[in-house]
Amino acid sequence: MALEVMALADSPVSAESSFANISFLDLKAQFGEIRDELLDAVTRVLESQHFILGPEVDALEREVAEYVGVEFAIGCASGSDALLLAQMAIGIESEDEVITSPFTFGATAGSIARLKARPVFVDIHPDTFNFDERQLEAAITSRSRAIMPVHLFGLPANMDVVLEIARKHHLAVIEDAAQAIGARWKEKNIGSLGTCGCFSFFPSKNLGGAGDGGMITTNDPQLAEKLRILRVHGSRKKYRYELLGINSRIDALQAAILRVKLRYLDSWTDGRRRNAECANTFAAGESRPKFIIRARSTLSRHLHIWATASVIFRMPKQPAGKYFHSRFIPSLRSTSSERWLRLSRVSTSVEP
Ligand SMILES: Cc1ncc(COP(=O)(O)O)c(C=O)c1O
């Protein structure tokens with residue numbers, strides 16, 4: 001199944017008041033549903049007065065590792081730092097080349113450039129929005145050290161091809177999975193396939209904290225150990241510095257909040273999937289699309305899409321609540337008289 005979202009640039013409706021703006025994600029509604037659990041979690045941390053690393057972070061790391069299906073998960077301050085730390089641990093240095101996608105958030109290439117390494121871009125495939133793996137091998141030089149696929153909108157890159165090319169050329173694979181927690185490539189979770197997986201817990205992400213946060217996943221015990229050292233100034237023991245590290249730890253408060261939210265992640269993803277079905281229903285009924293944004297892949301058995309397009313749908317006259325039930329778009333319930341709806345962003349996932 002493909003998600004096809006239409007943007008009607010020549011829409012006959014011009015006045016802004018004719019549209020209902022549906023927020024991409026209603027975090028206040030989400031908070032309302034799990035308020036008591038979150039407040040309990042925050043209180044638990046405040047009462048412990050243990051704010052940096054510690055038992056909450058240990059527990060979150062274990063739970064994320066289990067969810068992703070890897071041996072180790074190492075929390076850090078953000079998705080950007082996850083990418084940076086992964087490259088530091090792998091040993092990416094100045095003048096090295098990391099092959100990645102140009103169609104991503106700035107932190108992907110930024111994390112490479114921060115180490116004075118060179119991002120080498122491979123153009124994207126129009127169907128998947130990931131880099132076109134057929135062009136990957138041509139980008140490899142004697143300076144190549146790693147491939148960094150970006151599972152943008154939760155759409156997995158073709159990991160069969162990426163891993164095969166990486167093995168052939170002895171390159172590390174750093175998955176930018178900032179937008180893709182819960183996505184799967186065939187039977188495996190995104191973040192468990194490469195040398196490392198890098199996740200973001202930015203508040204609007206599928207699993208979002210109450211501030212910044214990130215996580216690196218890996219099955220390599222030595223890499224995991226190095227990551228734990230690098231995120232604490234390069235020291236294993238207090239004031240004894242073995243490596244040149246940074247300060248990039250996830251707070252215990254974030255960990256406690258994320259542990260609550262992780263329990264809901266799959267059901268929220270199901271809600272996004274239901275929204276996708278609604279979006280498809282409306283898109284299918286529209287006869288004059290000006291242009292169509294496709295998030296389609298026939299490559300993987302399970303897709304998880306986090307689309308951020310701005311789209312407008314023609315609404316049938318029936319009450320909107322009949323079509324949209326998800327908690328993600330509760331504002332729709334009050335817009336039954338509107339004929340047109342604008343989804344400022346569609347957050348969704350589909351299975352082919
Ligand atoms: C693809 C991608 N990579 C990296 C990041 C960086 O994550 P963070 O904002 O947690 O630093 C983001 C965040 O939006 C992202 O979307």
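Bear in mind that the values in this text are calculations on the coordinates, not laboratory data. Just so it is clear, the structure is predicted and the values come from calculations on it, not from any experiment. Here the Cβ positions follow ideal geometry from the backbone for every residue, glycine too, while neighbour counts run over all protein chains shown.
Note on the range 220-273: Cα convex hull, mean projected area over all directions, 5.6 nm². Between Asp123 and Ile246, the simple label model (points 7 Å from Cα in the Cβ direction) yields a spacing of 3.2 nm. For the range 95-178, just say rounded, prolate or oblate: build the C-alpha gyration tensor, square-root its eigenvalues into a ≥ b ≥ c, call rounded for a/c under 1.5, and beyond that prolate if a/b exceeds b/c, oblate if not. It is oblate, given that a/c is not under 1.5 and a/b is not larger than b/c. Checking the a/c ratio against 1.5 first, then a/b against b/c, what shape does the Cα gyration tensor give for the range 101-148? Note, shape of the range 101-148 comes out oblate.
Residue-wise HN-Hα couplings along the range 244-253, as the Karplus relation 6.51 cos²θ - 1.76 cosθ + 1.60 with θ = phi - 60° gives them from phi, are 8, x, 9, 9, 8, 10, 8, 5, 4, 5 Hz; Gly and Pro carry x. The spread of Cα positions in the range 35-262, taken along each principal axis and listed from longest to shortest, comes to 56, 41, 27 Å. Taking label positions 7 Å along the Cα-Cβ direction at both Lys168 and Ala29, the computed distance is 4.7 nm, reported to one decimal.
For the pair Lys238 and Asp58, the difference between a 0.36 nm per residue extended length and the Cα-Cα distance amounts to 63.0 nm.
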